[in-house]
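Visitor: Please see the structure below; I have some questions.
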Amino acid sequence: MDAFVPFAAIAASSLFILSLMWMSHPSTARRGVRAGEIGMVIAIIGALVHHEVVDYNLILIAMVAGAAVGIPMALLMPMTAIPQRTAISHAFGALAVGLIGAAEYYKHAHAEYAGSFVMWALMFEMALGFLTCTASVVAFAKLQELMGSRPVSFPGQRIVNGAVALGAVVVAVVLALDPTQTWLFPVFAALALLFGILLVIPIGGADMPTVIALLNSYAGLAASAMGFALGNKLLIVAGALDGASGFILAVIMCKAMNRSFANVMFGGFGTVAAGVAGGKDDRVVRSASAEEAAMQLENASTVVIVPGYGMAVAQAQHKVSELYQALTKKGVDVKFAIHPVAGRMPGHMNVLLAEANVPYEQLVDLDDINPELPQADVAVIIGANDTVNPSARDDPKSAIAGMPIIEADRAKSVFIIKRSMNAGFAGIDNPIYYNSNTQMLFGDAKDMVGSIAKELSGGSGLH
């Protein structure tokens, strides 16, 4: 049976690598998920048959308890809550890493381990594990709107953040060099946990996707370090894959949102906006009906649809697909503008539209669609807010200043499907609502898009 353990490690590692490769494209993403699932099953079996396992009863209890939480969470949590689910999953995983590290520390808290590689690895993985746990909980609370999504700042915040981080590092070094100082361990854990909170509270809701990607990287690196501490090669490989992929994704996200990666790592961005939503204004908002929108869309040559979180919330992707088909049958050139962080997570819109059988080649990235928008006859924004907010481009004092946006406001005509005039997740006003070429379509995205598609299909006698 011992021969199966290295075989399982190699097989699982190979499947994890293939999984990442296949998940990089929507057409092979399902295969990638299956490969990852099979790899994880093999990895678990390999761990269970390891000769160092001494008590299967406790493992069984832990697996049943985990399944009792995980299965309902996976089945009952809606697609729109995937970002929150990802954040809380990171918290659970990071907490497990931290607690295992704590158990290993007390197991090795003897003079002969002073300055040993195992002790350094344990300090590293516990620091990342504990801070990732509390940072993920805060990210979950912000995404679930259990706390405000706006950045939380206070005087001297950077100094406090730096002092807490430095304190955790100093105590970790002392413990690694002298593990018998066990009284310092609670201090180390508390500082790491506190730093996780301080890391995320100054970050606003619009930047939360970047934070989740970075926390994913931290969790992976912590697991890899734990693999070094435990001498588990599979854990080293799997953690390194998770950490590296999360790191690359975080860098890509920072580039997409024009954020400093260094500031993200140390919780330094998320300054409070000067031009926030709220207060009275007398700007004119123009509204239209589904029939009026259908008539204008019918006469258009090119239409750009900009999906956002509102489409996901309303589960309107299938109606959007019907709208696409109705317009295409009339000879209208329809494209979908996809912002890298639309829907609060990378790829969220791609997955939903693929589920509704919208051709992948019609999905166009931000950099490619923006030059085409001034020539577009109509832009239809469905539940998108911050990703089409011109303040990011025009207002240097905005909380999202510098974040690349889909420049839908430059289309000849703009329809915005939205329930109300409320601000988006970043909590800031959106000037596009008041532009002279904008018409608001107030209502549920699924119902409104369905009504427009019905009008285009002849439901109201247009044809």
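The values are calculated or read from the model by the stated rules, or taken from the named source; none is laboratory data. Quick caveat, the model's predicted, so the values are computed rather than measured. In this analysis, Cβ positions are derived from the backbone assuming ideal geometry, glycine residues included, and neighbour counts consider all displayed protein chains. Only protein heavy atoms, including side chains, enter the accessible area calculation; ligands, DNA and RNA are left aside. Shrake-Rupley method; radii C 1.70, N 1.55, O 1.52, S 1.80 Å.
Visitor: Which of (1) touching a helix residue (DSSP H, G or I) at 6+ places or on another chain (Cβ under 8 Å); (2) of a type in the set (Gly, Ala, Ser); (3) surrounded by fewer than 21 Cβ atoms within 10 Å (Cβ to Cβ) does Ala127 not meet, given it meets every other one?
Guide: Going through (1) touching a helix residue (DSSP H, G or I) at 6+ places or on another chain (Cβ under 8 Å); (2) of a type in the set (Gly, Ala, Ser); (3) surrounded by fewer than 21 Cβ atoms within 10 Å (Cβ to Cβ) one by one, Ala127 breaks only (3).
Visitor: Filter segment 84-107 for residues that are open to solvent by 20 Å² or more (accessible area, probe 1.4 Å) and farther than 30 Å from His348 by Cα and give the result.
Guide: The answer is Leu99, Ile100, Ala103, Glu104, Tyr106, Lys107.
Visitor: Of these, Gly93, Gly115, which one is part of a helix (DSSP H, G or I) and at pLDDT 85 or above?
Guide: Gly93
Visitor: Please enumerate the residues belonging to segment 225-242 that are open to solvent by less than 20 Å² (accessible area, probe 1.4 Å) and either touching a residue at least 40 places away in the same chain (Cβ under 8 Å) or over 22 Å from Ile42 (Cβ atoms) (or both). First the steps, then the outcome.
Guide: The first filter runs over segment 225-242 and keeps only residues open to solvent by less than 20 Å² (accessible area, probe 1.4 Å), leaving 225-227, 229, 239.
Selection gives Ala225, Met226, Ala229.
Visitor: If you don't mind, another one. Does segment 422-457 hold any residues that are open to solvent by 50 Å² or more (accessible area, probe 1.4 Å) and either among the aromatic types (Phe, Trp, Tyr) or under 25 Å from the mean Cα position of the chain (by Cα) (or both), and which are they?
Guide: Within segment 422-457, Asn422, Phe442, Lys446 meet the criteria.
Visitor: With the checklist (1) under 20 Å from the mean Cα position of the chain (by Cα); (2) farther than 17 Å from Ala445 by Cβ; (3) open to solvent by 10 Å² or more (accessible area, probe 1.4 Å) in hand, flag the one item Thr387 doesn't pass.
Guide: In the conditions (1) under 20 Å from the mean Cα position of the chain (by Cα); (2) farther than 17 Å from Ala445 by Cβ; (3) open to solvent by 10 Å² or more (accessible area, probe 1.4 Å), Thr387 misses (2) alone.
Visitor: When segment 299-317 is examined, which residues are found to be farther than 12 Å from Ala342 by Cβ and open to solvent by 20 Å² or more (accessible area, probe 1.4 Å)?
Guide: Hits for segment 299-317 are Asn299, Ser301, Thr302, Val313, Gln315.
Visitor: Does segment 396-407 contain any residue that is more than 15 Å from Val284 (Cα to Cα), among the basic types (Lys, Arg) and modelled with pLDDT of 90 or more?
Guide: So far as segment 396-407 goes, no, none of its residues is more than 15 Å from Val284 (Cα to Cα), among the basic types (Lys, Arg) and modelled with pLDDT of 90 or more.
Visitor: Look at Ala65 and say whether it is small (Gly, Ala, Ser), assigned to a helix (DSSP H, G or I) and either within 23 Å of Tyr218 (Cα to Cα) or open to solvent by 60 Å² or more (accessible area, probe 1.4 Å) (or both).
Guide: So Ala65 does not fit the description; no.
Visitor: Checking Pro26 against (1) touching a strand residue (DSSP E or B) at 6+ places or on another chain (Cβ under 9 Å); (2) open to solvent by 60 Å² or more (accessible area, probe 1.4 Å): exactly one of these is not met. Which one?
Guide: (2)
Visitor: Write out, first by first residue and then by second, each pair whose Cβ atoms fall under 7 Å of each other, whose residues are 6+ apart or on separate chains, and whose first residue, in segment 107-119, is closer than 11 Å to Leu177 by Cα while the second is assigned to a helix (DSSP H, G or I) and polar (S, T, N, Q).
Guide: Every condition considered, the pairs that remain are Ala109/Thr182.
Visitor: Restricting attention to segment 384-400, does a residue exist that is touching a His at 6+ places or on another chain (Cβ under 9 Å), of a type in the set (A, V, I, L, M) and within 30 Å of Lys142 (Cβ to Cβ)?
Guide: yes
Visitor: Go through segment 356-373 and count every residue that is open to solvent by 80 Å² or more (accessible area, probe 1.4 Å) and either in contact with a His (Cβ under 8 Å, 6 or more places away or on another chain) or closer than 11 Å to Phe336 by Cβ (or both).
Guide: Counting residues in segment 356-373 that are open to solvent by 80 Å² or more (accessible area, probe 1.4 Å) and either in contact with a His (Cβ under 8 Å, 6 or more places away or on another chain) or closer than 11 Å to Phe336 by Cβ (or both) gives 3.
Visitor: Write out, first by first residue and then by second, each pair whose Cβ atoms fall under 9 Å of each other, whose residues are 6+ apart or on separate chains, and whose first residue, in segment 321-338, is closer than 19 Å to Asp447 by Cα while the second is assigned to a helix (DSSP H, G or I) and of a type in the set (Val, Ile, Thr).
Guide: Pairs found: Glu322/Val449; Leu323/Val449; Leu323/Ile452; Ala326/Ile452.
Visitor: Scan Ala163, Ala192 and give me the residue that is farther than 30 Å from Ala81 by Cα and either free of Cβ contacts under 8 Å to residues at least 60 places away in the same chain or over 17 Å from the mean Cα position of the chain (by Cα) (or both).
Guide: From the options Ala163, Ala192, the qualifying one is Ala163.
Visitor: Does at least one position in segment 129-148 carry a residue that is assigned to a loop (DSSP other than H, G, I, E, B) and modelled with pLDDT of 90 or more?
Guide: For segment 129-148, residues assigned to a loop (DSSP other than H, G, I, E, B) and modelled with pLDDT of 90 or more: absent.
Visitor: Output yes when any residue across segment 278-298 is assigned to a loop (DSSP other than H, G, I, E, B), small (Gly, Ala, Ser), modelled with pLDDT under 85 and open to solvent by 20 Å² or more (accessible area, probe 1.4 Å), and no when none is.
Guide: yes
Visitor: Restricting to segment 29-41, count the residues that are open to solvent by less than 40 Å² (accessible area, probe 1.4 Å) and modelled with pLDDT of 85 or more. Can you show your working first?
Guide: Going through segment 29-41, the residues open to solvent by less than 40 Å² (accessible area, probe 1.4 Å) turn out to be 29, 32, 35-36, 39.
In the following step, the residues that additionally are modelled with pLDDT of 85 or more were identified as 32, 35-36, 39.
So the count comes out to 4.
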